[in-house]
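First comes the structure, then the notes that go with it.
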Amino acid sequence: NAGVMQNPRHLVRRRGQEARLRCSPMKGHSHVYWYRQLPEEGLKFMVYLQKENIIDESGMPKERFSAEFPKEGPSILRIQQVVRGDSAAYFCASSSTGVYGYTFGSGTRLTVV
Amino acid sequence: DQQVKQNSPSLSVQEGRISILNCDYTNSMFDYFLWYKKYPAEGPTFLISISSIKDKNEDGRFTVFLNKSAKHLSLHIVPSQPGDSAVYFCAASGGSGGGADGLTFGKGTHLIIQP
């Protein structure tokens, strides 16, 4: 039973490009959460999704960021027109029961040059 | 506005001794607390949790204590082992800042176990 799979592990983008981060939850998990960790900071909640639904996006920046979790396939976090301040580690977690049973992926480290 | 605070960025403990990691919170709506361990280039791994209706939870070498009146919790690791060297994050749920079912994390404490 594979864990939460995130790809790519490392992503380098030039300013103004788009970044797409993918997350495949654990088998049987229907809850997906995205977190961002800036250097020297803790993880900050971004968005909580279930299949085809955004449940809570209160932590998402209002512009350039979007997330989806389609009926088929992985969850995608999309960042348009990236800026240097978007450089961070982005972690996805999945759960079958909500917050009490998180499993995190290994993260995607985004570097904007 | 840091609702979960880990005031010690790092902690050094000798192998075999007790490690005590501390965490303070400000939001009285938090009702569930968790500790995660994180190695470099990996995602956080769940360690232990505690509900606000309890004041202690134990799992092997790991014990979490909760003092609701002081809004303080601590993680005790005894005896400390070299493999415990990692960054430890305190997290809470039930308040704002973590989404409806998200977690609010502290900045972490880097635990170093010395031989």
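The values are calculated or read from the model by the stated rules, or taken from the named source; none is laboratory data. These numbers were taken from a predicted model, which means no experiment stands behind them. FYI the Cβ positions are ideal-geometry reconstructions off the backbone, even for glycines, and counts take in every protein chain you see.
Screening the candidates B:59, B:84 for the property of being in contact with a strand residue (DSSP E or B) (Cβ under 8 Å, 6 or more places away or on another chain), of a type in the set (Asp, Glu) and under 21 Å from residue A:106 (Cβ atoms) yields one hit, B:84.
Condition check ((1) of a type outside the set (Lys, Arg); (2) touching a Leu at 6+ places or on another chain (Cβ under 9 Å); (3) within 14 Å of another protein chain (Cβ to nearest Cβ); (4) surrounded by fewer than 19 Cβ atoms within 10 Å (Cβ to Cβ)) across all residues:
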| position | (1), (2), (3), (4) |
| --- | --- |
| B:35 | yes, yes, yes, no |
| B:39 | yes, no, yes, yes |
| B:44 | yes, yes, yes, no |
| B:55 | yes, yes, no, yes |
| B:63 | yes, yes, no, yes |
| B:69 | yes, no, no, yes |
| B:73 | yes, yes, no, no |
| B:85 | yes, yes, no, yes |
| B:90 | yes, yes, yes, no |
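Looking at the structure I just gave you, is residue A:73 at positive phi, away from chain B (no Cβ under 13 Å) and at pLDDT below 95? Yes; evaluated as a whole, the condition is true for this residue.
The strands (runs of 3 or more DSSP E) found wholly in the stretch A:1-72 and carrying at least 1 residues that are surrounded by 13 or more Cβ atoms within 10 Å (Cβ to Cβ) and within 10 Å of the chain's Cα centre (by Cα) occupy A:5-7, A:19-24, A:31-37, A:43-50, A:65-68. With respect to the stated conditions, residue B:48 is of a type in the set (A, V, I, L, M) and in a strand (DSSP E or B).
Please indicate, with yes or no, whether at least one residue in the stretch B:8-18 is modelled with pLDDT of 95 or more, within 28 Å of residue A:6 (Cβ to Cβ), away from every other protein chain (no Cβ under 11 Å) and surrounded by 13 or more Cβ atoms within 10 Å (Cβ to Cβ). No - not one qualifying residue is present in the stretch B:8-18.
Taken as a whole, the condition of being part of a loop (DSSP other than H, G, I, E, B), in contact with an Asp or Glu (Cβ under 9 Å, 6 or more places away or on another chain) and buried (at least 17 other Cβ atoms within 10 Å of the Cβ) applies to residue B:107.
For residue A:90, are the conditions met, namely being within 12 Å of another protein chain (Cβ to nearest Cβ) and over 13 Å from residue A:46 (Cα atoms)? So residue A:90 does not fit the description; no.
Scanning the stretch A:37-52 for residues that are of a type outside the set (A, V, I, L, M, F, W, C) and either within 12 Å of chain B (Cβ to nearest Cβ) or under 26 Å from residue B:86 (Cβ atoms) (or both) yields A:37, A:39, A:40, A:41, A:42, A:44, A:48, A:50.
Would a scan of the stretch A:14-36 turn up a residue that is without any contact (Cβ under 8 Å) to a residue 60 or more places away in the chain, within 30 Å of residue B:31 (Cβ to Cβ) and more than 13 Å from chain B (Cβ to nearest Cβ)? Scanning the stretch A:14-36, I find at least one residue that is without any contact (Cβ under 8 Å) to a residue 60 or more places away in the chain, within 30 Å of residue B:31 (Cβ to Cβ) and more than 13 Å from chain B (Cβ to nearest Cβ), so the answer is yes.
Only residues that are out of contact with any Lys or Arg (no Cβ under 7 Å at 6 or more places or on another chain) and either assigned to a strand (DSSP E or B) or among the aromatic types (Phe, Trp, Tyr) (or both) were counted across the stretch A:83-97, and they come to 5. Evaluation of residue B:51 against the conditions (1) of a type in the set (Ser, Thr, Tyr); (2) modelled with pLDDT under 95; (3) buried (at least 16 other Cβ atoms within 10 Å of the Cβ) shows that the sole unmet condition is (3).
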